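> So that we are looking at the same thing, I have put the structure below in structure tokens.
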């Protein structure tokens, strides 16, 4: 597994940095060189969404486990669970907003 993650990291690095390394000087028109920016933005959004999905799953599992152990505490567990879910989802929305603002 470690070998494959290293190979994947090297391949992604080659894909992202090779065009810049072997680029020829040109007149420099508008819109050139944004491919790496879009790829980085897509990876950033993917990482944020992945982390959000994991966090929301853990929040839900922990809340349900707490309710299963003590059904009387369901009311006191529900509100902090909803707040935690909102905070986690806000991180993804902020990531999306930053991508929209930075990548034009």
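All of the numbers you see were taken from the coordinates with simple rules; none came from a lab. Just so we're clear, the structure is a prediction, and the values are computed from it rather than from any experiment. Backbone-built Cβ (ideal geometry, glycine too); neighbour counts: all protein chains shown.
> Have a look at the range 37-104 and give its Rg and Dmax from the Cα atoms, expressed in angstrom.
Considering the range 37-104 through its Cα atoms, Rg and Dmax are 15.7, 51 Å.
> Given points 7 Å out from each Cα along the Cα-Cβ axis, report the residue 76 to residue 50 separation in nanometres with one decimal.
If labels sit at residue 76 and residue 50, their model points lie 3.8 nm apart.
> Here's another thing I want to ask about it. Spin-label point model (7 Å from Cα, Cβ direction): what's the residue 61 to residue 102 distance in nm?
Modelled inter-label distance: 3.0 nm.
> Here is a follow-up. Run the simple label-point estimate for residue 87 and residue 35 please: 7 Å along Cα→C-beta, distance reported in nm.
With each label placed 7 Å out from Cα toward Cβ, I get 4.2 nm.
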